[in-house]
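A short write-up of the structure that comes next.
Nothing in this text is a laboratory measurement; each read-out follows from the coordinates by a stated rule. Everything numeric in this text was worked out from a predicted model, so none of it was measured. Neighbour counts are summed over all protein chains in view; Cβ atoms, including those assigned to glycine, are modelled from backbone coordinates with ideal geometry.
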Amino acid sequence: MMSVFASLHHEFVRAATNDGLAAARARGKTGGRPPRFTPEQIEQAQQLYDSGTPVPKIARTFNAAPATMHCYITLKAVK
């Protein structure tokens with residue numbers, strides 16, 4: 001019986017969360033962490049990478065971790 005109440009409570013919380021997120025989106029709010037670099041910085045890093053500059057050197061140029069730069073310019077995961 002307790003599991004039924006727990007499941008019901010979970011569904012209520014889930015519905016309220018989704019309603020809140022939808023209301024925030026309607027007001028123009030977006031969630032999540034802001035991007036580390038501007039689109040211009042990403043383009044500049046991509047040009048450096050395409051010209052043969054190693055990722056660690058590009059990372060030092062932008063004061064970022066090499067793994068972060070790798071995500072932005074080689075994996076293109078964050079655009």
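Which values, in whole Å and largest first, are the semi-axes of the equivalent ellipsoid of the chain obtained as the square root of 5 times each eigenvalue of the Cα gyration tensor?
On the way: eigenvalues 369, 49, 15 Å².
Working from the Cα gyration tensor, I get semi-axes of 43, 16, 9 Å.
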Worksheet item: Using 7 Å Cα-to-Cβ label points, what is the residue 53/residue 22 separation (nm, one decimal)?
Response: 4.7
Worksheet, complete the sentence: Exposure proxy check on 37, 12: fewest-to-most Cβ neighbours within 10 Å is 12, 37
